[in-house]
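See structure below.
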Amino acid sequence: MNSPMTDPTTSGDATPAAKKAPHPLGWGAFSCFLLLLWLSGLILTSCDDPSAQGDTDASFSHTSSPGSSATAFLQDGTYSRLLVEIQYMPGYRPSDSTLDQLRDFLASHLDKAQIIMLEPQEIPSGNREQYSAGDIRNIEQSHRKHYSEGSTLASYNLFVDADHTSDNVLGIAYYNTSNAYFGKRIHDVSGTPPLNPSRASVEATVMRHEYGHLMGLVNNGTVMQENHQENGPHCTDESCVMYFAMNRSNFFANIFDGSTPDLCSHCKTDVQAAKED
Ligand SMILES: [Zn+2]
Ligand SMILES: [Zn+2]
């Protein structure tokens, strides 16, 4: 049950020290509700980390906290192109519709001349019943191929073939350019509309949500213009893709009716202000 050699609290990036997490292990801090969408970086307070701004390739760290490179995602000054690398374990390739919906989301919210969606690549199973954040980091280290270079910001997405060590987690943003998705749980909660949301809807929702964290939402790397934050770096608007959970809310209803949630007006305002900064 427990994965060996993983301690999410010691992996360097996500030091929760400056903030009082509800639990000593921040990774479990928000595991409530039916289906949690986020669990990552522990409420991070390191959005002012200058090392994450990535002025040069040599200085760009790919192991900083989610949200610490929000500017690199949102603005086009240093990085005019975004590369989206996707790797998946056997059986958990995201659908083409999912990737189209992610591309639409990124194209509409990021100031990038080009969004490069790489063909998803299969990697071997990690052979675990559950994956901790530490497991995820190790897998990325072994398999990730693309890093930011020149005017291209690289981001990484990993679909694993089992659950997170915390139940009900669908995805995590765990580094400043990295997201992971828990394929088994995603498959469990998706199905055939109208009884269940389609798999593409769930996948696209979770991918958009985790990219929202990389973009510094909510109030976690991107300055919040008006208060709309609750449950860590999440939005108060139940129909917003940055809402913290899929539960029996408007949010879930949105997915059921086939539309994938987007940013609400508050989140869009924050993004727009950060672009103009
Ligand atoms: Zn989240
Ligand atoms: Zn919102």
Query - Loop-located trypsin sites (Lys or Arg not before Pro) in segment 87-195 whose Cβ has at most 13 other Cβ within 10 Å (DSSP) - result: 145
**Report entry** Unsatisfied cross-links (Cα-Cα over 28 Å) in the set 184/275; 112/145; 184/268
**Finding:** 184/275; 184/268
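Quick note: the coordinates plus some simple rules give every number you see, no bench work behind them. Model, not experiment: these values are computed from the prediction. Here Cβ is always computed from backbone atoms with ideal geometry, including for glycine, and neighbour counts include all displayed protein chains.
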